Amino acid sequence: MATTQDTDRSPSRRALLIGGAAAAMAAAIPSSSVARPQATARSAKPASSTITTKDGTTIYYKDWGKGQPIVFSHGWPLSADDWDGQMLFFVARGYRVIAHDRRGHGRSSQVSDGHDMDHYADDLAALTSHLDLKNAVHIGHSTGGGEVVHYIARHGDSRVAKAVIMSAVPPLMVKTPANPGGLPKQVFDDLQAQLAANRAKFYWDFAAGPFYGFNRPGAKVVEADVRNWWRQGMMGGAKAHYDGIVAFSQTDFTEDLKKIQVPVLVMHGDDDQIVPYADSAPLSAKLLKKGTLKTYKGFPHGMPTTEAETINTDLLAFVKS
């Protein structure tokens with residue numbers, strides 16, 4: 001940086017140089033560009049893409065490439081950015097990849113209401129309709145897995161070829177008489193309490209600990225992954241994230257899973273500390289008409305990031321099958 005700085009501190013010489021540069025720049029700019037800047041703006045590709053849902057919520061999304069569409073639904077409390085590794089992988093192989101920020105998350109509207117699976121599914125349906133997606137593969141991680149399941153069950157599979165739910169919350173996370181293997185409600189109440197008390201610290205500890213399995217003996221913490229997780233979480237709205245804990249923990253997807261007719265790959269690590277394996281993936285696979293269970297020994301909840309090479313290879317094989 002020091003080599004590019006102007007070391008001549010003479011006021012008169014500096015003024016002369018600055019004035020001459022400004023005059024040259026002004027002469028080089030066509031008058032038509034100054035008078036009508038909107039003429040070039042019309043041809044420019046938008047820096048981002050959004051849709052507005054029927055209740056006025058703005059949903060941000062990415063849409064890259066051409067080919068068979070693959071739609072990614074992210075986990076709590078993250079954003080479409082959590083899928084960047086998968087999106088780059090698939091777009092390089094001739095697929096069209098789409099990922100959105102769930103309402104209240106990332107760059108979408110930080111609305112007060114609608115942080116439930118019905119709205120999540122309806123927002124996803126609005127996006128697929130807006131883009132007129134057909135023969136799409138839907139891939140959902142964690143809460144996004146619940147979103148995908150509820151979307152297909154609620155809106156049908158006319159636009160869907162197959163689906164993947166990964167480290168996903170279905171069938172039901174909370175413990176109930178009908179779901180004795182679930183986690184006590186107090187676990188999720190505690191998450192809400194930590195979020196309300198100090199969201200920044202809670203998110204850092206969550207990412208640096210159980211989400212990626214960095215709290216396991218001998219695990220090497222990848223600080224860049226922790227920072228990226230924290231960045232995405234803090235972009236979203238606290239109200240959406242607070243309410244979202246209820247949405248992902250207390251929604252029962254049992255009947256949704258039974259309705260789905262398309263092939264579904266259920267991917268889950270057996271060392272998942274966020275969505276325990278035994279009460280999720282095997283049960284979901286059994287409820288699905290065309291479910292296939294793939295278990296990963298020792299993989300954590302955040303395996304799309306920590307084990308991207310393996311996950312991407314298996315996703316590609318399923319998409320192509």
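Quick one: what are the phi-derived ³J(HN,Hα) couplings along the stretch 211-216, Karplus 6.51/-1.76/1.60 with θ = phi - 60°, whole Hz, x for glycine and proline?
Going residue by residue, I get 4, 9, x, 6, 8, 6 Hz, with x marking Gly and Pro.
Taking the 0 to 90 degree range and rounding to the nearest ten, how far is the long axis of helix 238-250 tilted relative to the main principal axis of the chain, both from C-alpha atoms?
In the chain, helix 238-250 runs at an angle near 20 degrees to the longest axis.
Can you give the angle from 0 to 90° between the axis of helix 11-28 and the longest principal axis of the chain, with both taken from C-alpha atoms, to the nearest 10?
70
Put +1 on the Cβ of each Lys and Arg and -1 on the Cβ of each Asp and Glu in the chain; which of Thr313, Gly182, Val148 then has its Cα farthest toward the positive end of the dipole?
Value: Thr313.
Between Thr58 and Ala317, what length comes free when the chain is fully extended (0.36 nm per residue of separation minus the Cα-Cα distance, one decimal in nm)?
Computed gain between Thr58 and Ala317 is 89.8 nm.
Using a ≥ b ≥ c from the Cα gyration tensor of the chain (square roots of the eigenvalues), is it rounded, prolate or oblate, where a/c under 1.5 gives rounded and otherwise the larger of a/b and b/c decides, a/b for prolate?
prolate
Taking R0 as 25 Å, what's the FRET efficiency between Val221 and Asp189 from their Cβ-Cβ distance, rounded to 0.05?
Values: r = 28 Å, r/R0 = 1.12.
Efficiency computed from Cβ-Cβ geometry: 0.35.
If r is the Cβ-Cβ distance from Glu255 to Ser112 and R0 is 41 Å, what FRET efficiency results, to the nearest 0.05?
Values: r = 29 Å, r/R0 = 0.70.
Here the calculated transfer efficiency is 0.90.
Longer than 25 Å from Cα to Cα, which of Lys175/Lys201; Lys62/Lys297; Lys66/Lys239; Lys54/Lys286; Lys162/Lys258; Lys54/Lys239 are they? Say none if no pair is.
Details: Lys175/Lys201 27 Å; Lys62/Lys297 32 Å; Lys66/Lys239 36 Å; Lys54/Lys286 35 Å; Lys162/Lys258 15 Å; Lys54/Lys239 21 Å.
Over 25 Å apart, Cα to Cα: Lys175/Lys201; Lys62/Lys297; Lys66/Lys239; Lys54/Lys286.
Measure nothing but the geometry: give the 0 to 90° angle between the long axis through the Cα atoms of 308-320 and the longest principal axis through the Cα atoms of the chain, rounded to 10°.
70
Compute the length gained on full extension between Leu293 and Met234: take 0.36 nm times their separation in residues and subtract their Cα-Cα distance, giving the result in nm to one decimal. Each step should come with its number before you reach the end.
Values: separation 59, 0.36 × 59 = 21.24 nm, distance 3.31 nm.
Result for the pair: 17.9 nm of gain on full extension.
In whole Å, what are the extents of the stretch 144-206 along the principal axes defined by its C-alpha atoms, from largest to smallest?
Principal extents (largest minus smallest coordinate, Cα): 44, 32, 17 Å.
We did not get these values from a lab; they are worked out from the coordinates using the rules stated. Not measured: the values here are computed from a predicted model. Quick reminder, even Gly has a Cβ in these numbers, built from the backbone with ideal geometry, and neighbours come from all protein chains shown.
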